[in-house]
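What follows is a short report on a single structure.
The values are calculated or read from the model by the stated rules, or taken from the named source; none is laboratory data. All values reported here derive from a predicted model rather than from experimental measurement. Neighbour counts run over all protein chains shown; Cβ positions are idealised from the backbone, glycine included.
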Amino acid sequence: MENSFIADALIYIRFPPGEDVRSRQTDLNVSLGFVLYQNDRFFRSKLYMKRRTTIRVLSASVRGQEPNMVPQHVEMLFRPRNISGTSLYDFSCVFWNYSQKDWSTSGCSKGNTSDGLMRCFCNHTTNFAALWSFRENYEYAEALGAISIVGLSLSFLGLIVTIIYNVKEIFQNEQKKSLISRLCIYFSLLAFIITFVSGVQNSSRQIDIEVQTDDRTNDLLDSDERIEPDRGSCMAVAALLHFLLMATFMWNSVNGTQILIQKIRRSLPPHWTLLGMALGWGVPALFIGITLGVTYSVDNPLRYRQEEFCWLAALDKNKHFSFEKPLFWGFLLPVGLILIYNIVLLVYVSIKATRKSCFRKSFLECFTLAVLLAVSWVFGYLVLVTSRTMNLVFSILFCLCTTTQGLQIFIITATTPTFRATMSRSVQYLSSASISFNNVKFRLWKNWHKNHSEK
């Protein structure tokens, strides 16, 4: 019978050897009763949270006047119903405890599984069920493609050159405060790229964990959805990426505010560096702390991050963008407010400053940087809310814009007159030659028109 089993549930009552119930049923007035409940409407559990599955309950009873007619055990076979996009992770064999008004595993055990059938044994007759736990079949992100690798490599090199140039300017410029905020923008973005390349792929995948359908344990499950407890590494990467990207946008806003203050007061306040650090690093840290405090738990890390890769959670169970997830209110919303603030500053500076004002040019550079940082995440949002052809188009645009942000920053920096002058002096110095004659050192270099010598 077991080999031809096609039903969803089957129950056997095993009596001690030597007892023939069928031959003695009429004489002893023994009756067997079976009921199959298609749902758990009469068995509402507080311990087991059912979100996606349907519980079918088997009821068995033996009644008679013969005290020796006691079942040896009850054996049940269950075939779990497949849920799209999931795989069975574990199950537990339970009965309904009327005194506790909930499911209990006392007196029940799991048997060997075969051919997709789950076997349960109980040493008493009552209402039985098998509680399921299913695991999501995640589509994990593949390794970075050629476009991403090339773009990130160029961004990395561009940011390194830009940071070296700004460090040099800080040591040579008397107004060091005005350059620190821009250096922090580049540093946070560089750290973001390094963290993204090295850790965005989830190294602790749930798919690598074996299904627990053995008969050694029969613990009462708490939910029909299996979510692995947090192992730390992917959560740390997601939180660090969240912090660094928020810091990049925040420092850009600090830089714009700094330009406006210099326009109004001609000089920065004495404690501006400390205030800028508190805003640039402290505000993102505050946002991360609030987001983690509201969403994160060790038992369910997917309220904060995604499983497919180490980034903020964005989609609901139906794979639709959710405004309740932290990607929206913990990142996109504050970044949107920062951009609105920058736009207000741009309008104000444009009205107050003359067309040739250096402050206006500086703020335009700052605003251009903010737009470059924001455009990629606009495409990222469109990737989440579109489908099919447009989803592919926005995915490509998001990949190109995000991976080349460092290169775009370098191009903006390279177009400034101060950078071109610095590079010209550096090339001139590298192309010069030093000659010693009679304890006197001469440095020779060549420009476009004639040769010079300097003692």
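What the table shows:
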read-out: Exclusive hit being of a type in the set (S, T, N, Q), out of contact with any Lys or Arg (no Cβ under 6 Å at 6 or more places or on another chain) and at pLDDT 80 or above, set S322, S350; value: S322
read-out: Scope the range 94-112; condition within 10 Å of T126 (Cβ to Cβ), aromatic (F, W, Y) and touching a Ser or Thr at 6+ places or on another chain (Cβ under 6 Å); matching residues; value: F95
read-out: Among the candidates V62, V35, residue that is exposed (fewer than 15 other Cβ atoms within 10 Å of the Cβ), over 13 Å from L220 (Cα atoms) and in contact with a strand residue (DSSP E or B) (Cβ under 7 Å, 6 or more places away or on another chain); value: V35
read-out: Failed item, numbered, when T295 is tested on (1) modelled with pLDDT of 85 or more; (2) over 16 Å from the mean Cα position of the chain (by Cα); value: (2)
read-out: Scan of the range 55-78 for residues that are modelled with pLDDT of 75 or more and in a loop (DSSP other than H, G, I, E, B), ordered by number; value: I55, R56
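This table checks each residue for (1) in contact with a strand residue (DSSP E or B) (Cβ under 9 Å, 6 or more places away or on another chain); (2) part of a strand (DSSP E or B); (3) at pLDDT 85 or above.
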site: P80; (1), (2), (3): yes, no, no
site: L88; (1), (2), (3): yes, yes, no
site: F95; (1), (2), (3): yes, yes, yes
site: Q100; (1), (2), (3): no, no, yes
site: S106; (1), (2), (3): yes, no, yes
site: R119; (1), (2), (3): yes, yes, yes
site: A130; (1), (2), (3): yes, yes, yes
site: S133; (1), (2), (3): yes, yes, yes
